[in-house]
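K.L.:
My questions all concern the structure below.
The values are calculated or read from the model by the stated rules, or taken from the named source; none is laboratory data. All values reported here derive from a predicted model rather than from experimental measurement. Glycine also receives a Cβ, built like all others from the backbone with ideal geometry; neighbour counts cover every protein chain displayed. Quick note on the areas: whole protein, heavy atoms, side chains included, nothing else; ligands and nucleic acids left out. Shrake-Rupley method; radii C 1.70, N 1.55, O 1.52, S 1.80 Å.
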Amino acid sequence: MCRKGHSKQLTLVGFWRGSIAMGSPRLSASMFLMEQQDFDMSFLNDVDQVAPHKASLTKGKFMSPAPLRVLVAENQYLIAMEVERLLGETVPCEVTITPLAHLGETLAREKFDVVIVEAVLAESENVERTRAIIDAGARPVFLSSYDHVAAKGTVVSAHPVVPKPPQSEELAAAVFEAAHRR
């Protein structure tokens, strides 16, 4: 209901590359601007020539991929938190931390792209961890305090290895390498 002399009205005004919608100042003083953006999606096209009716689909920006899902399986919580911090600064990812004892159940419960795990001296443990990670659809990155675990012919040598304490550039490169192998 409107009082005498007042009317409810909504005015839609054309605007370059957008529009402004305004409500009556006495009823609700709301105003918003909706801007239309162009998106370059030319990476989807097989040819350089674009039909005029498809031109709106070929302008804009390439959308970044979804963040990587990274699991850090580490018994030393401070090291796991440092790995999480370094990844947060360098890699678009979601990080989950779990103790090594819970690696299998965490892999069964959630999907990950990359699992960062401690390389140990016993090759059989490294083989077991690698198999569990790959069977879960992820790829391993090994953290190691030892020089010889990355020796040729070991399961660790077939995957990225980052020495402890990890450095951000090495860690990011290893995570991207492992993710690329998926």
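K.L.:
Could you list, in sequence order, all residues of region 108-135 that are modelled with pLDDT of 95 or more, open to solvent by less than 20 Å² (accessible area, probe 1.4 Å) and not polar (S, T, N, Q)?
P.N.:
PHE112, ASP113, VAL114, VAL115, ILE116, VAL117, ILE133
K.L.:
Let me ask another. Got a sec? Which of PRO99, PRO166 is touching a Leu at 6+ places or on another chain (Cβ under 8 Å) and either buried (at least 20 other Cβ atoms within 10 Å of the Cβ) or not small (Gly, Ala, Ser) (or both)?
P.N.:
Only one candidate passes the filter, namely PRO166.
K.L.:
Return the residue satisfying two criteria in turn: it lies in region 86-109 and is part of a helix (DSSP H, G or I) and among the polar types (S, T, N, Q), and of such residues it is farthest from the chain's Cα centre (by Cα).
P.N.:
Per the criteria, the residue is THR106.
K.L.:
Test ALA138 against the criterion of being modelled with pLDDT under 95, among the small types (Gly, Ala, Ser) and open to solvent by less than 60 Å² (accessible area, probe 1.4 Å), and give yes or no.
P.N.:
No.
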